[in-house]
Amino acid sequence: MFRGGVFTIYVTDMNRSVQFYTETLGMKLLQRHGDHWALVDGGPGLSIGLHPATSEIPAGRRGSVAIGLYLDMPIGEAVEQLRTAGVTFDGPVKQDVALSLAFFSDPDGNPLYVAEMKPAYR
């Protein structure tokens, strides 16, 4: 029935957001339609759409959604690379039985996190 999908994020500044997702996070820009829409490749199975915020749908509403990005490297290395690129994390890496998580936000305050699954849970 379904062949995929897109997670849409509402942003206040398209150029700043495209720069953050492509340059800071290192994702590939797939489409750009001026300031109306951009699509980035978040890795296998994840497409992220960037859409201008409106008065009805503001950017950065914390608590309603978060995008989790699975890692292909140890979380400590990823956190250091992202810090070097300018990402500010919301606290230390959180350890769980199955995974490790590190939380941060995009320039509009949209919540994101990186996750390293422990080998037994992959």
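Every read-out reported here was derived from the displayed coordinates using simple, explicitly stated rules and does not represent laboratory data. All values derive from a computational prediction rather than experimental measurement. Here Cβ is always computed from backbone atoms with ideal geometry, including for glycine, and neighbour counts include all displayed protein chains.
Count neighbours as other Cβ atoms within 10 Å of each site's Cβ, and list the trypsin sites (Lys or Arg not before Pro) in the range 1-98 that are DSSP loop with at most 12 such neighbours.
Filter output for the range 1-98: Arg3, Arg62.
With a 10 Å cut-off between alpha carbons and a GNM built on the chain, which of Gly109, Gly68, Gly34 moves the most?
Comparing Gly109, Gly68, Gly34 in a Gaussian network model of the chain, the most mobile one is Gly34.
How far is helix 75-84 tilted off the main Cα axis of the chain, in degrees rounded to 10, range 0 to 90?
That helix lies at roughly 40 degrees to the long axis.
Put a dot 7 Å past each Cα toward the Cβ at Asp35 and Asp96; how far apart are the dots in nm?
Going from the Asp96 label point to the Asp35 one covers 3.9 nm.
What FRET efficiency do you get for Arg61 and Ala120 if R0 is 25 Å and r is their Cβ-Cβ distance, rounded to the nearest 0.05?
Working from the Cβ atoms, E equals 0.10.
Of the residues Val11, Val87, Val65, which exhibits the maximal mean-square fluctuation in a Gaussian network model of the chain defined by a 10 Å Cα contact cut-off?
It is Val65.
Using Cα springs under 10 Å in a Gaussian network model of the chain, which residue among Ser100, Ser17, Ser64 shows the largest mean-square fluctuation?
Highest fluctuation of the listed residues: Ser64.
For Cα extents along the principal axes in Å, one of (1) 45, 31, 24; (2) 42, 37, 26; (3) 52, 28, 26 was computed from the structure I shared and the rest are decoys. Which label?
(2)
For the residues Leu50, Leu99, what sequence is obtained by ranking on other C-beta atoms within 10 Å, fewest first?
The most exposed by this proxy come first: Leu99, Leu50.
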